[in-house]
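This report refers to the structure that appears directly beneath it.
A short reminder: the numbers here are calculations on the coordinates, not readings from a lab. Since this is a predicted model, take the numbers as computed values, not measurements. With ideal geometry, Cβ positions are generated from the backbone for all residues, glycine too; neighbour counts draw on all protein chains shown.
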Amino acid sequence: MPTPNGLHALIVEDELLAGMGLQSMLTPLGYGSFAFASTPKQALEQARLQKPDLVTVDLSLLDGDGVQAARRVVEEVGPVPVMFVTGNPDGLDGIDGATVVEKPVTPGQLAAAVARLKRDDAGPFASQS
């Protein structure tokens, strides 16, 4: 559900500059509020506080991995579009339907991935909720 300031995104990323970069690229796409997490546990806590309209997840996190974080968020709050932002897309082998943006991220790549998620569905974990 959009907030008064636009859509809400949860950015799961353990590199501060990368997270801030995603925020700056998502803002012109209609995202007006953001939560940040660097671990699967923090991601779940933030998702419980406010269900995100989009979750961006790096595969490599401080404590755990992005796939684990995404699964836990979807299991807890229900279907939500998930986008993996990673320098290692091979780490997603075997996860059907994953939307992946490879680092370094460009605004055009991110916009195309957001559009694809809006068009196609909530992502690879939607049927698990």
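Here are a few things to note about the model shown:
- Residue 83 long-range amide H proximity, modeled H, under 5 Å: 55, 56, 57
- Added length on full extension, which subtracts the Cα-Cα distance from 0.36 nm per residue, residue 17 to residue 116: 33.1 nm
- If only the Cβ of Lys and Arg carry +1 and only the Cβ of Asp and Glu carry -1, the dipole of the range 7-128 around its Cα centre is close to 420 debye.
- Label-zone membership for the range 39-76, site residue 90, 7 angstrom Cα→C-beta point, backbone N under 17 Å: 59-60
- Ordering 87, 7, 59 by the projection of their Cα atoms onto the charge dipole of the range 1-98, which places +1 on the Cβ of Lys and Arg and -1 on the Cβ of Asp and Glu, puts 7 at the extreme positive end.
- DSSP bridge pairs, the chain: antiparallel proportion in percent, nearest 5: 10 percent
- Convex hull (Cα only) mean projected area of the chain, reported in nm² to one decimal: 6.8 nm²
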